Every structure is written in structure tokens, then in C-alpha cells.
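One structure below.
The values are calculated or read from the model by the stated rules, or taken from the named source; none is laboratory data. Remember, it's a predicted structure, so these values are computed and weren't measured experimentally. We place every Cβ from the backbone using ideal geometry, glycine too, and count neighbours over all the protein chains shown. These area figures cover heavy atoms from the full protein model, side chains too; ligands, DNA and RNA do not enter into them. Shrake-Rupley method; radii C 1.70, N 1.55, O 1.52, S 1.80 Å.
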Amino acid sequence: MSDVAVAQVVETHDAHDDHGGHRTSLGLSNMKLAMWLFLGSECLLFGALISTFLLSKANFITEVVAGNPNVTSTMPAELIEEFQAAGSVEPFWDIPFTSASSFILLMSSLTMVLAHKAVTEDDDLQTKVWLAATALLGSTFIAGQVYEFTAFFREGLTYDGNLFGSSFYTLTGFHGAHVTGGILMLMSLLFVAFRGKLKSDRAETVELVGLYWHFVDIVWVLIFTIVYLIP
Amino acid sequence: MADLEPRLALPSGSSNGRVARPLGAFSRPRNPTGLVNWLTTVDHKKIGIMYGSAALFFLLIGGVAAILIRLQLAVPNNELLSADFYNQVYTMHGTVMVFLVVMPIGAAFSNYLMPLQVGARDVAFPRINAFSFWVFFFGGLMLNTSWFLGGGADGGWFNYAPNNGIAFSPSHGIDFWNIGLLIAGLGSLTGSINLITTVLNMRAPGMSMMKTPIFTWMTLVTQFLLLLAIPVLTVAQILLASDRLFGANFFNVSQGADPLLWQHLFWVFGHPEVYLMILPAFGIVSEIIPTFARKPIFGYPFMVFSGVAIGFMGFGVWAHHMFVSGIGPLSVVGFTFATMFIAVPTGVKILNWLATIWGGKLILNTAMLFAIALVTQFTVGGLSGVSHALAAHDTQQTDTYYIVAHFHYVLFGGAFFGFVGGMYFWWPKAFGYKLSETIGKTQFWTMVVGFNLTFGPMHILGLQGMPRRMHTYDVVQGFNTWNLVATFGSFILGVGTLTVLVNALVSYRKWVRAGRPDVGPDPWDARALEWSIQSPTPEHNFDYDPVVTQLDDWWYRKYQKDENGVLRQVHTGAEIAQPGNGEGVHLPAPSYWPIVVAFGIPVVGYGLIFSLWLVIPGALITLAGLYGWALEPADDLDVDEHQGDDDHGDGDGDDTAAEADKELEKV
């Protein structure tokens, strides 16, 4: 084989191996590429769920306005009357409360970025602080969701009652499960950090959890807008 | 070259600072043998062989179902199978063949060959690869246990709403269909991430995307289709499972639900699905035809981009499955055009194969015959398919045997013939001996005759108006003759298909009796990198990184132009192949955790169907498995045979957590 080709190999090794990374064709680490692909797949998952919600909500309102007794009997009469008057499910939401919990979740993206910055700078204390803060903010959001689900259930929105309940709980529940998964990842990182093993050589792991976390936040921005804000 | 440090190895003496800690009963196996070797392997080649073997096992189940269908339809007014059992048999036949036979055979070829074609030592994430296989296998087994636990699914492989609801299908069959395929889909999803990462990121030095073999390209497109189509099916099945198991109302018409939602979700997945079943076979024949026509593939960039175009357009044609569902004239027109357009890149491929064959010095061995059969039979199926872009024509033929004939021509006559050709082509690479050409050609003609006798008459039956999925027919309807012919053909086809197993056994014994002669690294004088290493493939694949300077690099190392510009052989493959010396090579270590994690998931599935209490142990097994996985270093530093650092040594925690997250979705 030609010397050029050999030189090419040597060059590739020199260029990438000296800082501990693996040579990859794209220059992007395998893990990061895999995480992006996973998130791409998740887009379709949430896309299908959001479409399902929109269709189900529209069908639900059509039946409510038409006074289909199968549907109107699934929720308290005063709620149904409000829905009929508004022609939408808008009266159901508690926008200030959900805005507050959305704000909390969005702030957790900021603390996630700070955690990643801290770990790249080998700042152990700040790494732990910001990881813990992110997990705490995420948990606060989940607590808010649990509260909201409980309140909605007491008001008469059940999972097996009608289309609106089934699709609302499935969509937001799926998102909540994703946030919970993210909290588990953050807690695992925090555990590693407290054992003193989360140094800048593992900054990419924190970055990957961050990618996932930001994605889940962005999905919430969509869900909040589409489910709660658009009538 | 051999003294260069292997790309995939850790620098000698270095470690990533982590020490292997034994974890109870499932501590890392050391140099396992026998069954444990297969259960714990993370070797892409063994996983590929396991995918293939599992697919052949499920092929027997799907094949028995097919024969039962044909026996039931052989004569009019037959009562061999009850109508209820007949519903289960054709539903499970379709489901098993699509999800547990064609898809995993594609995965088998991709797993085995793609890393070899790009010059990699393994896939990007070897343990996730093992997990993908096991979760597919357990999901498939779970689906098939429905035969013994109250009957199989009975709503057709697409299980349209509201017919799939508990009111119309009260047995657990559709629940098994839901949960089993959700679990198998998890394997497809993780597998797709793994294989895409491998193609994009682990190509040999110098191998740009446009120097990558077509089979690898088609693997890439296929895996992208899986990546983006599987989540849509997942959502559809979660909605249906919620309806059936937890009383949700997604397809409850009395609550105002729109059952068309199911059809849309199913076919948004389902049409990319048909392309992801055929594209691996397209890739296989794109390797076989140039080899045995002794010419480079005609129009390589066109082959690549037509495959990519099929991938893109495959997401925009789903509603042509729904022309009679009342989707409105505008939608019908839109999807009519999209469907006509997608035939263009497919036609480009057919023409390029023909142009490759044109003027070539053809070697008509078994692999080449199967490849030519694919081109021919797929064209028949493709033409009957594209004609359904015309909504009027489609409305006439929909739900008749004409459609059955169409998709068997593309999936059996196309995809499956391609797979059998691929088996004959790569068998020596995987197992070290060639399959018998005599038996192979007998098998080929048996299959061609059987296949066309079985599915050819279905065109006529369909045009005569025989509906799909009907349990029986009356004497006076005029379907008797061709149904009998089809049943006759199906037995010939069954014998022909099984012949590949006979051939494997007979050829193996002959090879052993002859003292296991070396088949050589490059028995076909072929073109891609997998032929530049010894046969059967050494465990470590490549001794050193192959360096690629052009498309068909291996071929042009054997053949170079002389002073007159004529291509002449300067080396044989055996002269310049890598010797297979694995000294100093570090391989990923085997692990119990993938199979442990995969095992817990169907336990959760059974729990969802029968008793929610069972969910708890299942989830605990999987969760414990995930943490065991995360805490076990990908690299085993205590044994001589070191690990490859291409395993995901650093990112385990979050990746497994991502899987845990998917698991939570199911719980």
C-alpha cells in the first residue's frame, strides 16, 4: 500500500489519540451521536402523542358541545356547562400554577448548564451544588404535576372517563416519566460526584445528561403551549 | 502496516482508572465456553448469527401458520380450521413474518457484515447490541406464548381500531401482540441507534461516505427508518394497550374517538416499515450482482441517493393504505402523487442492477440466481404496487387477494429471496465453508416454481374478487382451481425454503469429512472489505486498520491497470488478505447484564396483562440489571484479552438511565 495511506493512519492517530478521545469518523463521540439519535427518535414519540392529544381534545369538545350523553356524563355537570359555554377546555386549566411549575422546569436547564460548566472546570463543589439544584428543580416540577393530577382528578377528570382525560394524562404522564428518568440520571451523577469521581474527564457524561434534560424541557415548552395555552 | 498500533486498542499499560468489581452471581464471565459464551457474548458476529437463528426459528412458526392458511383455503367450504382460529393464524402469520423473521434477518446481515464492511472491530456499543438482540428475542417469544395463553391476536397484522378493542377481541391475543411488539421494538430502537453510530462514526481511515459499500449505505437508511418509525408504532400500541388494559378511550367510538387515528399512526410506521424490510435485501443484491457480473456497480451515487430518497419519501406515502377509509379527495390526490414518485428511486435501482448485469461476464451461481430472482420478482410486485397509487384501481383491489399477491411478491419474492442469496454469498465468510451449489440450484428452482405457483394465482383470485382474510369460500364463487394451485405451490415453496437448512447440514458434513479445507479469505473474488480478512471471520475482525482510498478498495488492491489501461489481476485475495493474527488486540469483554436487563422486561409485560404484582419483580430485575451494567466497566482490565475501548466505557450511566427511562414509560 502507498506511503500516503500509511501516513494518513499515523496522522489520524496523532490528531485524536493524544487527548484520550477515540478516533471517530465524524469527530463527534459515539455517545454524543447516540444521544442525538435517541432524541431524534423521541421527537417522533412526542409528536405522535401530541397529535393524539390534539385530535382527542377536538373530538371531545365536539361531542360536549353536541351534548352527547355518553361524554357529558363522564364529568360534573358544571364543568361540562363551562366547556360548552367556552367551546373549549380552557376553563379547566390553572394557568398561573402551571406557569410557575413551567418556570421552575425551565430554570433547571440553567442550573444544568452551570453544572456542566463546573464539571469541565473541575469545580467539585459547584458541580455538586448545580447537579443537586437541577434534580431539586426537576423534582419540584414533578411534585407540581402530582399535585395538578390530584386536583384534576378531584375535579372530575379521570383517566378512563373520556377522551380528554385519557389523552391529557397519557401525554403529560409520559413527559413526567421522562423528567423522572432525568432526575434518576442526575441523582446517579450526584452519587458519583460525592464519591469524588466526577471530574472533567467525565464532563461529556454530564453534557449528555444535559442534552437529554434540555430536550425534556423543550418538549415541556411545546406541551405547555399546545395543551394549556392554545384554546 | 502491522506494527501500527491498532486503532481500537487502549495504549498499552493504560487504564481508565476503574477496577472491575464482581457483582454477585453475574460477575463478568472469564473466557466463557458453550452456552454461557453465547448468552454473554457482545461480539457483533455472534449476535448476527443469533439474530439469524432466531429468525429461522420464528420462520418455522410463521411457515406452519402459512401452510395452515393454505390448507384451509385449498378447497371450498373447508372446516379444517375454525373461523376464530383462522383469524389468529393469519394475524400471527403476518406479525411473525414481518417483525420476527424479515426484520431480524435484515438485522442479522447488518450486524454481521456492516462492521466488517466499514473496517471496524465491533459496533459502537457492543453490550447494547447484545441487549437489542435479547430484548427482540424475548419479545418475540412472549408474543408467541399467546398461542398457549388464550389464543393469538386476531385482528390482522395491522389490528385496525375499533376491531382491536376489548369488545371485539376479548381474548388476550391483542394484548400479547401489543406488549410483545413493544418489547421487540425496544430492541429495534436501541439497535438502530447503535448501527447508525457505527456507520457514521467508525469507518476505516479514508472511507468517506461515498466510498462506503452499498450494503452499508442501505443499512444506514434502514436503521434511520427504524429510528424514526418505531416510536410511532410504540405510541399507537401504548394507546391501544391503555384502552384494553386500563380503560382509556383513545379508540372508544362512543366517546367520540376517531378510529382512523389508529390507521394513521399504524401506517406512518407501517409504510417506512415495508421499506426497511426491503432495503437490506437491496443492499445484499447490490453486493452480489457486481461480484458475479465482474463489473463495478453501475451508477454508485445513484444507487446511494435513490436509497436515501426511498427512506425520505417512505414517510410521505402512508395514506395510500387508507384510500378507502374516507380520508378525503385532496389527501387521496396528494398521496397518489407521492406514491407514484417513490417508484422513481426504486426504478432507478432496478435499472442500475440491470445495467450492472449488462455486458458483464456473468457467473450464474446460487447467490447470483437469487439476486436475479429478487430483481425480477420485486419488479412484478413493484408494478402491482405502484399501480395502486391510482385510487380507483386501489379501491377495486383493496382487501382482495391481489394485495396479498402484491406484498408477497415484494416481501417474499423480493426481500426473502435476497436474504437467501445473501446466505449463499456470505456463508463461507461466516462459517468457513461454501454451501453446495447443486443443492443450492435445486433449492433456487424449487423456490422460484413454488413461489410463483403460490402467489401468482393470487393476482387472478384478487381480480376475481376473492377477499383477504376470509375463512372460506363457496363452490359457486369460482375460486376453486387457483386456490388449489396456490396450496400446491405453497408446499413446494415450503420444501424449497427448508432446503437451505438441509444444505447447511450436508455441506458442513462434507466439509468436515474432507478435513475442513480452508475456503480462503476471498472465495468469490469479491469487492468489499469483509473479504480482506480470513474465513471464518477471526474473532477480532481486522488485525490492523484497513486504509481505504477508493470505492471497492479491496477489488482495486487485487486488480490494477497496466500500461495500456487494462485492468489486470496483480494479486489474489489470499495473497494480500490480513493474516488473522489477533496478537495485542483488545476486544470488548462479555457480560451477563444485557440478557438480565432484557429478561426483566417481558416479566413486566406479563404483569401488565395478567397481574400488576408481576410488574414489580420484572421492573426490579431490569433496574438492578441496569445498575449492574452501569457499574460494570465496559473494559475488563484483569484478564489478558483486553477490551476494546470502542465500548461505551464512559457514558454508561446516562445511557442505561435512558433505557431505564424507556422502561419507566412501560411501567
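Looking at (1) more than 16 Å from B:VAL118 (Cα to Cα); (2) surrounded by 16 or more Cβ atoms within 10 Å (Cβ to Cβ); (3) in contact (Cβ under 8 Å) with a residue 24 or more places away in the chain, which is the only condition B:ASN581 fails?
It is condition (2) that B:ASN581 fails.
Output the residue which, of all residues in region B:246-257 that are out of contact with any helix residue (DSSP H, G or I) (no Cβ under 6 Å at 6 or more places or on another chain) and in contact (Cβ under 8 Å) with a residue 40 or more places away in the chain, is surrounded by the most Cβ atoms within 10 Å (Cβ to Cβ).
B:ASN252
Could you look through region B:23-74, keep only residues that are farther than 27 Å from B:ASP122 by Cβ and open to solvent by 70 Å² or more (accessible area, probe 1.4 Å), and pick out the one that is nearest to the chain's Cα centre (by Cα)?
Taking the candidates together, the pick is B:LEU60.
Being among the small types (Gly, Ala, Ser), open to solvent by less than 60 Å² (accessible area, probe 1.4 Å) and over 17 Å from A:TYR169 (Cα atoms) is the filter; apply it to region A:54-92 and report the residue that is nearest to the other protein chains (Cβ to nearest Cβ).
Out of the qualifying residues, it is A:GLY67.
Quick one: which helices (runs of 4 or more DSSP H) sit completely within region B:341-438 and have at least 1 residues that are closer than 18 Å to B:VAL285 by Cα?
Helices (runs of 4 or more DSSP H) meeting the threshold: B:366-386, B:401-410, B:417-431.
Here is a check on your reading of the model: is B:PHE125 buried (at least 24 other Cβ atoms within 10 Å of the Cβ) and away from chain A (no Cβ under 14 Å)?
no
A quick yes/no check of all residues on (1) of a type outside the set (A, V, I, L, M, F, W, C); (2) within 14 Å of another protein chain (Cβ to nearest Cβ); (3) over 24 Å from A:ARG23 (Cβ atoms):
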position: B:SER169; (1), (2), (3): yes, no, yes
position: B:HIS172; (1), (2), (3): yes, no, yes
position: B:PHE176; (1), (2), (3): no, no, yes
position: B:GLY180; (1), (2), (3): yes, no, yes
position: B:GLY187; (1), (2), (3): yes, yes, yes
position: B:LEU195; (1), (2), (3): no, yes, no
position: B:PRO213; (1), (2), (3): yes, no, no
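Please pick out the residue among B:PRO205, B:PRO231 that is outside any loop (DSSP other than H, G, I, E, B), facing chain A (nearest Cβ under 9 Å) and either of a type in the set (Lys, Arg) or within 29 Å of the chain's Cα centre (by Cα) (or both). Quick ask: steps written out before the conclusion?
Values: B:PRO205 fails: outside any loop (DSSP other than H, G, I, E, B).
From the options B:PRO205, B:PRO231, the qualifying one is B:PRO231.
Does at least one position in region B:273-293 carry a residue that is open to solvent by less than 10 Å² (accessible area, probe 1.4 Å), within 14 Å of chain A (Cβ to nearest Cβ) and not hydrophobic (A, V, I, L, M, F, W, C)?
Looking for residues that are open to solvent by less than 10 Å² (accessible area, probe 1.4 Å), within 14 Å of chain A (Cβ to nearest Cβ) and not hydrophobic (A, V, I, L, M, F, W, C), one finds at least one in region B:273-293, hence yes.
Test of understanding: among B:ASP661, B:ASP635, B:ASP652, B:ASP645, which residue is in contact with a Ser or Thr (Cβ under 9 Å, 6 or more places away or on another chain), within 14 Å of chain A (Cβ to nearest Cβ), modelled with pLDDT under 90 and over 21 Å from B:LEU186 (Cβ atoms)?
Among B:ASP661, B:ASP635, B:ASP652, B:ASP645, only B:ASP635 is in contact with a Ser or Thr (Cβ under 9 Å, 6 or more places away or on another chain), within 14 Å of chain A (Cβ to nearest Cβ), modelled with pLDDT under 90 and over 21 Å from B:LEU186 (Cβ atoms).
Considering only region B:430-478, how many residues are open to solvent by less than 20 Å² (accessible area, probe 1.4 Å), of a type outside the set (Gly, Ala, Ser) and out of contact with any helix residue (DSSP H, G or I) (no Cβ under 6 Å at 6 or more places or on another chain)?
1
In region B:478-526, which residues are closer than 30 Å to B:ASN78 by Cβ and of a type in the set (S, T, N, Q)?
Residues satisfying the conditions are B:ASN480, B:THR481, B:ASN483, B:THR487, B:SER490, B:THR497, B:THR499.
Residue by residue through region A:192-210, note down the ones that are more than 9 Å from chain B (Cβ to nearest Cβ), part of a helix (DSSP H, G or I) and surrounded by fewer than 18 Cβ atoms within 10 Å (Cβ to Cβ). Outline the logic, then answer.
Step one: list which residues in region A:192-210 are more than 9 Å from chain B (Cβ to nearest Cβ), which gives A:193-196, A:198-200, A:203, A:207, A:210.
With part of a helix (DSSP H, G or I) added as a condition, the list becomes A:193-194, A:200, A:203, A:207, A:210.
Scanning region A:192-210 gives A:PHE194, A:SER200.
Any idea how many residues of region A:148-166 are open to solvent by 10 Å² or more (accessible area, probe 1.4 Å) and either within 12 Å of another protein chain (Cβ to nearest Cβ) or without any contact (Cβ under 8 Å) to a residue 40 or more places away in the chain (or both)?
Total meeting the criteria: 8.
Scan region B:162-190 for residues that are open to solvent by 10 Å² or more (accessible area, probe 1.4 Å) and over 22 Å from B:VAL615 (Cβ atoms) and report the count.
Here the count works out to 7.
Do we have A:TYR169 as within 13 Å of chain B (Cβ to nearest Cβ), part of a helix (DSSP H, G or I), under 23 Å from A:ASN59 (Cα atoms) and over 14 Å from the mean Cα position of the chain (by Cα) here?
yes
Of the residues B:SER532, B:SER490, only one is within 30 Å of B:VAL199 (Cα to Cα) and crowded, with 19+ Cβ neighbours inside 10 Å; which?
Only one candidate passes the filter, namely B:SER532.
Quick one: is B:ASP394 touching a Phe, Trp or Tyr at 6+ places or on another chain (Cβ under 7 Å) and of a type outside the set (Ser, Thr, Tyr)?
yes
Give region B:591-621 a look and list any residue that's within 28 Å of the chain's Cα centre (by Cα), open to solvent by 50 Å² or more (accessible area, probe 1.4 Å) and farther than 20 Å from B:LEU631 by Cα, or say none.
The one that is within 28 Å of the chain's Cα centre (by Cα), open to solvent by 50 Å² or more (accessible area, probe 1.4 Å) and farther than 20 Å from B:LEU631 by Cα: B:TYR606.
Under 26 Å from A:ILE223 (Cα atoms) and either modelled with pLDDT under 85 or open to solvent by less than 60 Å² (accessible area, probe 1.4 Å) (or both), is that true of A:LEU28?
Numbers: under 26 Å from A:ILE223 (Cα atoms): no; either modelled with pLDDT under 85 or open to solvent by less than 60 Å² (accessible area, probe 1.4 Å) (or both): yes.
The answer is no for A:LEU28.
So which residues in region A:76-88 are closer than 17 Å to A:ALA151 by Cα and either of a type in the set (Asp, Glu) or in contact with a Leu (Cβ under 9 Å, 6 or more places away or on another chain) (or both)?
A:GLU78, A:LEU79
Can you tell me how many residues in region B:541-578 are on the phi < 0 side of the Ramachandran plot, in contact (Cβ under 8 Å) with a residue 40 or more places away in the chain and of a type outside the set (Ser, Thr, Tyr)?
Just the residues of region B:541-578 that are on the phi < 0 side of the Ramachandran plot, to begin with: B:542-551, B:553-564, B:566-578.
Of the ones still in play, those that are also in contact (Cβ under 8 Å) with a residue 40 or more places away in the chain are B:542-551, B:553, B:555, B:572-574, B:576-578.
Within this subset, residues satisfying the condition of being of a type outside the set (Ser, Thr, Tyr) are B:542-543, B:545-548, B:550-551, B:553, B:555, B:573-574, B:576-578.
Residues in region B:541-578 being on the phi < 0 side of the Ramachandran plot, in contact (Cβ under 8 Å) with a residue 40 or more places away in the chain and of a type outside the set (Ser, Thr, Tyr): 15 in total.
(1) in contact with a Pro (Cβ under 9 Å, 6 or more places away or on another chain); (2) within 21 Å of B:TYR300 (Cα to Cα); (3) not hydrophobic (A, V, I, L, M, F, W, C): which one isn't true of B:GLY432, the others all being true?
For B:GLY432, the failing item is (2).
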